[in-house]
Amino acid sequence: MKNLASPMKRLCAFVIDALIFSNLELLFFSQITATSDLPVILDGILSFVLLVLFGGFVYSLINVGLTVKFGGSVGKLLTGLEVVNAEEKKISFWRAVLRNHVGYFASGLLVWMGFVWILKDKEHRGWHDLLADTYVVSKSNSGAFVGILAALALLFTNGYFVVTIITQINTNVPMYRQVFEEIKTDLSPTPTPDKPLRDMVEFDK
């Protein structure tokens, strides 16, 4: 197999893919922290939880489609990498599913040893590559430079969203405290004429 991708290029592609999804999550969360409307916040938190639980699966399916059509995820395409089979051709849909879902799960076991295996394997293949019988090759010499620039830009955007979220949360702290006090008051027992407070509280003997 010619022009096998180096571990550093593969790491760069992985970082880009991770930062893309991270930025999507942070963008969504920043919309939640930007409002002081409690019902909107609660609905947003629920949607954010669903995004975290199922968004990664959907994002992985998108990368499967990109791999079948173009040869790799966004990170791989930016770094000039391509996932191929033993004949150096693009892989099929089901092979991509096997690699990106079952294979990634296997590589993530035992403290990500399947990804660390790329450093040891002479063909720079992880467990997911071995399972699906795939290779990652380099199609562009300038891919490393483009990949680093893309990773830095995404990292900067990531940091911007984090700072924005922290600033918005700090701005809304008084509102959060007020809501907490209202919830606390609503949950506290309220004495009535026929049921004094002393009868509503169970004292320790």
* Of residues in segment 47-95 being more than 24 Å from L149 (Cα to Cα) and of a type in the set (D, E), the one farthest from the chain's Cα centre (by Cα) -> E87
* To do: Might you let me know whether segment 114-130 holds any residue that is in a loop (DSSP other than H, G, I, E, B), touching a Ser or Thr at 6+ places or on another chain (Cβ under 7 Å) and under 29 Å from F28 (Cα atoms)?
  => no
* Among the residues listed as V52, V68, V58, V83, the single one being under 20 Å from I20 (Cα atoms), hydrophobic (A, V, I, L, M, F, W, C), out of contact with any helix residue (DSSP H, G or I) (no Cβ under 6 Å at 6 or more places or on another chain) and touching a residue at least 24 places away in the same chain (Cβ under 8 Å) -> V52
* Take the residues in segment 22-38 that are over 16 Å from P174 (Cβ atoms) and either buried (at least 16 other Cβ atoms within 10 Å of the Cβ) or among the β-branched types (V, I, T) (or both), then tell me which one is farthest from the chain's Cα centre (by Cα). => I32
* Since Y160 meets every condition but one in (1) in a helix (DSSP H, G or I); (2) at pLDDT below 90; (3) among the hydroxyl-bearing types (S, T, Y), which condition does it not meet? -> (2)
* To do: Can you run down the residue pairs with Cβ atoms below 7 Å, 6 or more apart or on separate chains, where the first is in segment 172-187 and free of Cβ contacts under 8 Å to residues at least 12 places away in the same chain and farther than 14 Å from I41 by Cβ and the partner is among the β-branched types (V, I, T) and part of a helix (DSSP H, G or I)?
  => none
* Given the conditions (1) over 16 Å from T134 (Cβ atoms); (2) surrounded by 14 or more Cβ atoms within 10 Å (Cβ to Cβ); (3) not aromatic (F, W, Y), report the number of the one that L119 does not fulfil. => (2)
* **Qualifying positions in segment 126-151 - aliphatic (A, V, I, L, M) and surrounded by 13 or more Cβ atoms within 10 Å (Cβ to Cβ)** => L130, L131, A132, V136, V137, A144, V146, I148, A150, A151
* **Of all residues making up segment 99-116, the number that are of a type outside the set (S, T, Y) and surrounded by 19 or more Cβ atoms within 10 Å (Cβ to Cβ)** => 4
* To do: Working only within segment 7-21, note down all residues that are closer than 13 Å to G80 by Cα, crowded, with 16+ Cβ neighbours inside 10 Å and not aromatic (F, W, Y).
  => K9, R10, L11, C12, A13, I16
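The rows are residues; the columns are (1) closer than 16 Å to S60 by Cα; (2) assigned to a strand (DSSP E or B).
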| residue | (1), (2) |
| --- | --- |
| V83 | yes, yes |
| E88 | no, no |
| W94 | yes, no |
| S107 | yes, no |
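The values are calculated or read from the model by the stated rules, or taken from the named source; none is laboratory data. Predicted model only: the values in this text are computed from it and were never measured. Counting neighbours? That spans all protein chains shown, and the Cβs are built from the backbone with ideal geometry, glycine included.
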